[in-house]
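The values are calculated or read from the model by the stated rules, or taken from the named source; none is laboratory data. Bear in mind that the values here come from a model prediction, so they are computed numbers and not experimental data. No Cβ is skipped: glycine too gets one built from the backbone with ideal geometry, and neighbour counts run over all protein chains shown.
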Ligand SMILES: Nc1ncnc2c1ncn2[C@@H]1O[C@H](COP(=O)(O)OP(=O)(O)O)[C@@H](O)[C@H]1O
Ligand SMILES: [Mg+2]
């Protein structure tokens, strides 16, 4: 094990941490929006809509993320070409940035899980809370924004943040379509000099540090969010 | 794209299914066995053991499994050679895959078992001890059965995770389902990558659907005394 | 028959029991009363060694233990002479009513299956729960669960049964059936140590009433002495709170149990 190379790999890998965090965050935000939309589909009165929802969830959860990524990586250029030919946009589909495939596949995939988080969080707000508000004369609108939404968010945010750390790890598959995240960077580092173990250990250490730091940060935030709940401290 | 092309793709892909299923069974048995030991260790009185296991679980949970796979694949032969002088270079790649997944699920499943054990309230243990059960009797007859019933939905999720995550093995050149897809795409330039990966996805989907059916059947069977609502958690 | 001497117990640096002496004769019912947080639960758990006291002596029959140096075998020996009925019933959730009553006999008493089955049925009959053998605890009402847990204790033929507020998690309606079951335990001649807030019941069933406060025994005596002629001011102040309590109707056990059978959950 070569310490010098390990250290230089370690510092080099940090340079891609911001873009990894940012890309994960972007996916998270997009999938929150899509996930909320899906939740609405689920609650729709229309039977067909609900069936579409169920197939969507089953498909995106049933197929490995890796395959979603590859499918969109190969499907995107022809689709974009179709549109660009029709609309005369002249998009260079041969050199389409693979990051779009990552964004789309990850968002569609993550949304299938986030919709469940969002739904269960809204469900977790007890009827009694809304009845109490109604009894005090709150309008439906006030009940939603003053009681239901804040309480649902308290429940959902910690889970969503947890999902964020998961996304950072899942992004490690992006190297398959040559998008550079932490893991892909470590592969690039070792591709030059063949010091595999050094660069993989360095990447593992970066992930470990990141994960511990984020978990600490998030759990403190969660404590803050749950400050009005009964503390379980013995 | 004709029907025969699709059929051919499926035929090729299906060659990988037994490998995938065998791998899953091995990894699951070994991983859950390890996780029982890890859980017991983390609940034990030995501070050192607990500290070491906490570090181990924290590491496994922080690092993507594909990176762990590479670490084991490149690192283990080095370590074994330096410490024991045994050359692992001719050993099957599958061995490294199984080792990685065993270590991974040993940690992850203990993260399900341990909280489940702790949820089985202290009161249940009190009740057993108060009547003169030995701690071991309390574990065997009261606490472990309840732990399992609480843990089973989570464990079921993890099997599905395992199916999904096994798709990453192909980066080492295995011949499982995803490995077959990769072989088709890289060997046969007339093949359509999109079609091949999509079909592989459909097979994974089918496996997951069947597994889910089996799992919910099992859950109903053991559900009768559980009063906690089960919520299927997230797939990693 | 049961003898406690100078029991001390602390949680971290907080003294919860501060030198408790207690004697109970065979077949006697000793009731612990006192404000919440006074150490009644802790005392009961100590008698069972679910909590190990800092110092003190516990004697039951010929078994005499000196805290805090107790071996596993000491604990087992003591627990096999006692049984406990908890506020939250603590039935084993993974076992049916019948299994809950049978299994401890097999494991602890090493009885044969046939014998354990007979005794279980007998004990469940005593508390009026013989029709629920196959139910799981989650399918029963609180009162029913508590009666099963009394049967579970009875089936072990302990010298002493410790009851920790057995009815305080129950509606007054359901409390009655549990109190009736406790009367049965008394009739069986088993020594009872009972912590409760049901003063009427305490007065009716007790041979000895112990008023505890802040980890010490303030006053003890017959129900007559404690409830009608308390000597200490603290006791008087405490009992004042309970004067207006509604009287409990002593309900005929058989009629009550038969009425409950109809709401059996399938
Ligand atoms: N496990 C524990 N750890 C710390 N303090 C405890 C614990 N159990 C009980 N206590 C404290 O000991 C005191 C006595 O409690 P308890 O015996 O439950 O009183 P009671 O049953 O009379 O209401 C209380 O102040 C309680 O907070
Ligand atoms: Mg108490």
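Considering only region C:100-114, I want to know if a residue exists there that is within 14 Å of chain B (Cβ to nearest Cβ), crowded, with 20+ Cβ neighbours inside 10 Å, within 16 Å of ligand 1 (Cβ to nearest atom) and in contact (Cβ under 8 Å) with a residue 12 or more places away in the chain. Within region C:100-114, not a single residue is within 14 Å of chain B (Cβ to nearest Cβ), crowded, with 20+ Cβ neighbours inside 10 Å, within 16 Å of ligand 1 (Cβ to nearest atom) and in contact (Cβ under 8 Å) with a residue 12 or more places away in the chain. The residue that is surrounded by the fewest Cβ atoms within 10 Å (Cβ to Cβ), among those in region C:168-197 that are within 16 Å of ligand 1 (Cβ to nearest atom) and under 10 Å from the mean Cα position of the chain (by Cα), is C:196. Take residue C:135 and tell me if it is outside any helix (DSSP H, G or I), surrounded by 19 or more Cβ atoms within 10 Å (Cβ to Cβ), more than 16 Å from ligand 1 (Cβ to nearest atom) and not assigned by TED's automatic domain parsing to the domain that holds residue C:63. Spelling it out, residue C:135 is indeed outside any helix (DSSP H, G or I), surrounded by 19 or more Cβ atoms within 10 Å (Cβ to Cβ), more than 16 Å from ligand 1 (Cβ to nearest atom) and not assigned by TED's automatic domain parsing to the domain that holds residue C:63. Can you find a residue in region A:88-102 that is crowded, with 18+ Cβ neighbours inside 10 Å, away from chain B (no Cβ under 14 Å), under 15 Å from the mean Cα position of the chain (by Cα) and within 23 Å of residue A:20 (Cα to Cα)? Looking for residues that are crowded, with 18+ Cβ neighbours inside 10 Å, away from chain B (no Cβ under 14 Å), under 15 Å from the mean Cα position of the chain (by Cα) and within 23 Å of residue A:20 (Cα to Cα), one finds at least one in region A:88-102, hence yes.
Going through region C:66-75 one residue at a time, which ones are buried (at least 19 other Cβ atoms within 10 Å of the Cβ) and either assigned to a strand (DSSP E or B) or within 12 Å of ligand 1 (Cβ to nearest atom) (or both)? C:67 - this is the single residue of region C:66-75 that is buried (at least 19 other Cβ atoms within 10 Å of the Cβ) and either assigned to a strand (DSSP E or B) or within 12 Å of ligand 1 (Cβ to nearest atom) (or both).
Among the residues of region A:172-188, those that are crowded, with 23+ Cβ neighbours inside 10 Å and part of a helix (DSSP H, G or I) comprise A:172, A:173, A:174, A:182, A:183, A:185, A:186. Among the residues making up region C:31-56, those that are touching a helix residue (DSSP H, G or I) at 6+ places or on another chain (Cβ under 6 Å) and more than 12 Å from ligand 1 (Cβ to nearest atom) are C:31, C:48, C:49, C:53. Is it the case that some residue within region C:14-29 is touching a helix residue (DSSP H, G or I) at 6+ places or on another chain (Cβ under 8 Å), over 30 Å from residue C:204 (Cβ atoms) and more than 16 Å from ligand 1 (Cβ to nearest atom)? Within region C:14-29, not a single residue is touching a helix residue (DSSP H, G or I) at 6+ places or on another chain (Cβ under 8 Å), over 30 Å from residue C:204 (Cβ atoms) and more than 16 Å from ligand 1 (Cβ to nearest atom). Summed over region A:197-218, residues that are in contact (Cβ under 8 Å) with a residue 40 or more places away in the chain, within 19 Å of the chain's Cα centre (by Cα) and either more than 9 Å from chain B (Cβ to nearest Cβ) or under 17 Å from residue A:19 (Cα atoms) (or both) total 4. Please go through region A:35-73 and give me each residue that is farther than 18 Å from residue A:174 by Cα and facing chain B (nearest Cβ under 8 Å), ordered by number. Those that are farther than 18 Å from residue A:174 by Cα and facing chain B (nearest Cβ under 8 Å): A:58, A:59, A:61, A:62. Across region B:117-132, the qualifying residues are those that are buried (at least 18 other Cβ atoms within 10 Å of the Cβ) and more than 15 Å from residue C:79 (Cα to Cα), and the one among them that is farthest from the other protein chains (Cβ to nearest Cβ) is B:117. All told, residue B:56 meets the bar of being within 14 Å of another protein chain (Cβ to nearest Cβ) and part of a helix (DSSP H, G or I).
Taking (1) at pLDDT below 90; (2) away from chain C (no Cβ under 14 Å) in turn, residue B:150 satisfies each apart from (2). Against the numbered list (1) at pLDDT below 95; (2) more than 9 Å from ligand 1 (Cβ to nearest atom); (3) away from every other protein chain (no Cβ under 13 Å), residue C:9 comes up short only at (2). Return yes when residue A:88 is in contact with a helix residue (DSSP H, G or I) (Cβ under 7 Å, 6 or more places away or on another chain) and more than 25 Å from residue A:118 (Cβ to Cβ) and no when it is not. So residue A:88 does not fit the description; no.
Every listed requirement among (1) more than 14 Å from chain B (Cβ to nearest Cβ); (2) more than 16 Å from ligand 2 (Cβ to nearest atom); (3) more than 13 Å from the chain's Cα centre (by Cα) is met by residue C:213 save one, (2).
Within region C:72-88, residues that are free of Cβ contacts under 8 Å to residues at least 60 places away in the same chain sit with their Cβ atoms under 7 Å from residues that are within 16 Å of ligand 2 (Cβ to nearest atom), at 6+ positions apart or across chains, in these pairs: C:79/B:130; C:79/C:48. Annotation: of all residues in region C:138-167 being within 16 Å of ligand 2 (Cβ to nearest atom) and part of a strand (DSSP E or B), the one that is nearest to the chain's Cα centre (by Cα) is C:163.
For the structure I just gave you, tell me whether residue A:163 is surrounded by fewer than 19 Cβ atoms within 10 Å (Cβ to Cβ) and either within 10 Å of chain B (Cβ to nearest Cβ) or in a loop (DSSP other than H, G, I, E, B) (or both). So residue A:163 fails the test. Selection over region C:17-61 of residues that are touching a residue at least 60 places away in the same chain (Cβ under 8 Å), more than 10 Å from ligand 2 (Cβ to nearest atom) and part of a strand (DSSP E or B) gives a count of 12.
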